[in-house]
Amino acid sequence: LKPPSAHALGWRVTPVAHALGAEIEGADLSHIGATEFAAVREALLQYEVIFFRDQASFDPAAHRALAQLFGGVQTHPAYATVEGFPEITILENDRERPSLIEKWHTDMTFRPRPPLGSILHGIVIPDGGRGDTEFLSMSAAFEALEPSLRRRLAGLEAEHSFEHGFKESLSQPGGRQRLAQALADNPPVTHPV
């Protein structure tokens, strides 16, 4: 049986870009049962990135519960976490704490089995209601390549390294000491291009 769509649950789904992304209105992520999860998963598979606004009841327990519906959750070795919820990373970027990662990336590819994705929950949002996180459809980018280039890429692998991905953090005073265990626990791995 096909899972119920977001529309069937009374949710409004509005695509936000040509290649990917949709905003879903009407869902309450703090109360997700099997039916609601099936609709969320279906929307994620269709749009690749989905956005939910005004989730006032979406606390850390609901955040973890939603993530666990997608499978095993992972902890991040380089960032602080929410007390009592080691699976929830705190990302705070402002004038006093600028982001050290300023390039396009996919989260945690330094792991042998990277996570399916990330669930971002904006607590403090810049004026205008937007942060600076942007999303890219790698499937659309791949499909847009010439067939000969897609064939050339098939079968290639690339090395993914915690050390390379966090070179800015490691170069800070005390960075290598602070992240020594993360370096030891995450040797370079390869993944298909």
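Observations
- Number of the condition not met by GLY84 [criteria: (1) at pLDDT below 95; (2) at positive phi]: (1)
- Scanning the range 15-27 turns up no residue that is at pLDDT below 95 and either under 30 Å from PRO187 (Cβ atoms) or of a type in the set (Ser, Thr, Tyr) (or both).
- Residue count for the range 162-193, restricted to those that are under 30 Å from ILE50 (Cβ atoms), in a loop (DSSP other than H, G, I, E, B) and open to solvent by less than 90 Å² (accessible area, probe 1.4 Å): 2.
- Among the candidates ALA43, ALA56, residue that is crowded, with 16+ Cβ neighbours inside 10 Å and small (Gly, Ala, Ser): ALA43
- Among the residues of the range 160-193, those that are closer than 14 Å to PRO112 by Cα and in contact with a Ser or Thr (Cβ under 7 Å, 6 or more places away or on another chain) comprise HIS160, PRO188, HIS191.
- For the range 2-20, the criterion of a residue being among the aromatic types (Phe, Trp, Tyr) and not in a loop (DSSP other than H, G, I, E, B) is satisfied by no position.
- Scanning the range 6-22 for residues that are open to solvent by 40 Å² or more (accessible area, probe 1.4 Å) and of a type outside the set (Lys, Arg) returns HIS7, ALA8, LEU9, GLY10, THR14, PRO15, VAL16, ALA17, HIS18, ALA19.
- Screening LEU45 on (1) in a loop (DSSP other than H, G, I, E, B); (2) free of Cβ contacts under 8 Å to residues at least 12 places away in the same chain shows it passes everything except condition (1).
- Of the candidates ALA67, ALA62, the single residue that is open to solvent by less than 90 Å² (accessible area, probe 1.4 Å), touching a residue at least 40 places away in the same chain (Cβ under 8 Å) and not in a loop (DSSP other than H, G, I, E, B) is ALA67.
- Identity of the residue in the range 70-91, part of a loop (DSSP other than H, G, I, E, B) and touching a Phe, Trp or Tyr at 6+ places or on another chain (Cβ under 9 Å), that ends up surrounded by the fewest Cβ atoms within 10 Å (Cβ to Cβ): ILE90
- Number of positions in the range 23-40 that are aliphatic (A, V, I, L, M) and open to solvent by 30 Å² or more (accessible area, probe 1.4 Å): 2
- Residue in the range 113-134 that is farthest from VAL82 (Cα to Cα), counting only those that are open to solvent by less than 100 Å² (accessible area, probe 1.4 Å) and modelled with pLDDT of 90 or more: PRO114
- In the range 147-161, the residues that are surrounded by 13 or more Cβ atoms within 10 Å (Cβ to Cβ) and more than 25 Å from the chain's Cα centre (by Cα): none
- If you go through the range 28-55 and keep only what is within 22 Å of VAL124 (Cβ to Cβ) and of a type in the set (A, V, I, L, M), you end up with LEU29, VAL49, ILE50.
The values are calculated or read from the model by the stated rules, or taken from the named source; none is laboratory data. Remember, predicted model here, so these are calculated numbers, not experimental data. Quick reminder, even Gly has a Cβ in these numbers, built from the backbone with ideal geometry, and neighbours come from all protein chains shown. Each accessible area value is taken on the protein alone, full model and side chains, heavy atoms only, with ligands, DNA and RNA left out. Shrake-Rupley method; radii C 1.70, N 1.55, O 1.52, S 1.80 Å.
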